[in-house]
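The values are calculated or read from the model by the stated rules, or taken from the named source; none is laboratory data. Small disclaimer: the values here were computed from a predicted structure and weren't measured. In this analysis, Cβ positions are derived from the backbone assuming ideal geometry, glycine residues included, and neighbour counts consider all displayed protein chains.
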Amino acid sequence: MRLNKFVAQASGLSRRAADAAIHEGRVAVNGETATLGLTVTEHDTVTLDSKPLTAVPEPITIMLHKPVGYVCSRNGQGSKTVYDLLPAEYQQLKPVGRLDKDSSGLLLLTNDGDLAYELTHPSKQKTKVYEVELDKPLAPLHRQMISDFGIQLDDGPSKLQLERLEEGNDTKWQVTMSEGRNRQIRRTFAALGYTVTKLHRTHLGVYRLVSLAPGSIRVMTTT
């Protein structure tokens, strides 16, 4: 196996980050500083930052229907975490992006660094779709501002695509976006005086949450 692929699979880094680690001299094979282009076998000892790496036989990706009330980290600091919902064999997986504690829906966890990079890096512009409920009807002017011009936040403009979930109901919206800044949807509506009372992710790139009960997982096939 090529060294960069081995490092990526064993560490959770993307292939590009693994290349960078090798180039920076952080990777050693059998005690010798590695170079780009090397191949390794099961008999070789590979370290990253002096820590041994163990090969992951195959990349694993699972879909979790995250319920409200769980945080996407290992240390919940008093809160329940998504790892409380996972069987032991999936405890090593890392979330692909995040959903905040008060949000629900599609969450991917993987040990495939390349997939995580593909789905989360801003340059990839992967589509995310959410179902959002507001505390009061969204005014037509505010809908136009969000969709056509964007709302200026402290970390830059936020432009979202909005469609009604129910005809005649201006509190429930489908929100489509290709960014993923921290609490971006909540902050966008808050800037106009609205509170998001429900936020549920249904799509991330090619992945779609279908027929999966809250708190349940599904092992994904390679796409």
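Can you tell me which residue among 26, 74, 16 is of a type in the set (D, E, K, R) and touching a residue at least 24 places away in the same chain (Cβ under 8 Å)? Quick ask: steps written out before the conclusion?
Details: 26 fails: touching a residue at least 24 places away in the same chain (Cβ under 8 Å); 74 fails: touching a residue at least 24 places away in the same chain (Cβ under 8 Å).
The conditions single out 16.
Take the residues in segment 18-52 that are surrounded by 17 or more Cβ atoms within 10 Å (Cβ to Cβ) and under 26 Å from the mean Cα position of the chain (by Cα), then tell me which one is nearest to residue 113 (Cα to Cα).
18
So, residue 207, is that one surrounded by 16 or more Cβ atoms within 10 Å (Cβ to Cβ), under 22 Å from residue 12 (Cα atoms) and out of contact with any Lys or Arg (no Cβ under 9 Å at 6 or more places or on another chain) or not?
Spelling it out, residue 207 is indeed surrounded by 16 or more Cβ atoms within 10 Å (Cβ to Cβ), under 22 Å from residue 12 (Cα atoms) and out of contact with any Lys or Arg (no Cβ under 9 Å at 6 or more places or on another chain).
All but one of (1) touching a strand residue (DSSP E or B) at 6+ places or on another chain (Cβ under 8 Å); (2) modelled with pLDDT under 95 hold for residue 109; which doesn't?
(2)
Test residue 94 against the criterion of being in contact (Cβ under 8 Å) with a residue 40 or more places away in the chain, surrounded by 13 or more Cβ atoms within 10 Å (Cβ to Cβ), within 30 Å of residue 212 (Cβ to Cβ) and charged (D, E, K, R), and give yes or no.
Considered against the rule, which asks whether it is in contact (Cβ under 8 Å) with a residue 40 or more places away in the chain, surrounded by 13 or more Cβ atoms within 10 Å (Cβ to Cβ), within 30 Å of residue 212 (Cβ to Cβ) and charged (D, E, K, R), residue 94 comes out as yes.
Please specify each residue of segment 110-133 satisfying the condition of being more than 19 Å from residue 182 (Cβ to Cβ) and not acidic (Asp, Glu).
Correct list: 110, 111, 113, 115.
Out of contact with any helix residue (DSSP H, G or I) (no Cβ under 7 Å at 6 or more places or on another chain) and closer than 15 Å to residue 12 by Cβ: which single residue out of 99, 85, 93 fits that description?
None of the other options fit; the residue is 93.
Counting only residues that are among the charged types (D, E, K, R), within 14 Å of residue 27 (Cβ to Cβ) and part of a loop (DSSP other than H, G, I, E, B), how many does segment 41-60 have?
Adding up the residues that qualify gives 2.
Among the residues that make up segment 127-148, is at least one of them charged (D, E, K, R), loosely packed, with under 11 Cβ neighbours inside 10 Å and outside the structural domain of residue 95 (by TED's automatic domain parsing)?
The answer is yes; a qualifying residue exists.
Is it the case, given these coordinates, that residue 128 is at pLDDT 95 or above and of a type in the set (Lys, Arg)?
So residue 128 fits the description; yes.
Under 6 Å by Cβ, and 6 or more places apart or on different chains, what pairs join a residue from segment 179-194 that is closer than 17 Å to residue 101 by Cβ with one that is aliphatic (A, V, I, L, M)?
So the pair list comes out as 185/175; 186/196; 187/153.
Would you pick out the residues in segment 153-170 that are over 24 Å from the mean Cα position of the chain (by Cα) and assigned to a strand (DSSP E or B)?
If the condition is that a residue be over 24 Å from the mean Cα position of the chain (by Cα) and assigned to a strand (DSSP E or B), then 164 is the only one that fits.
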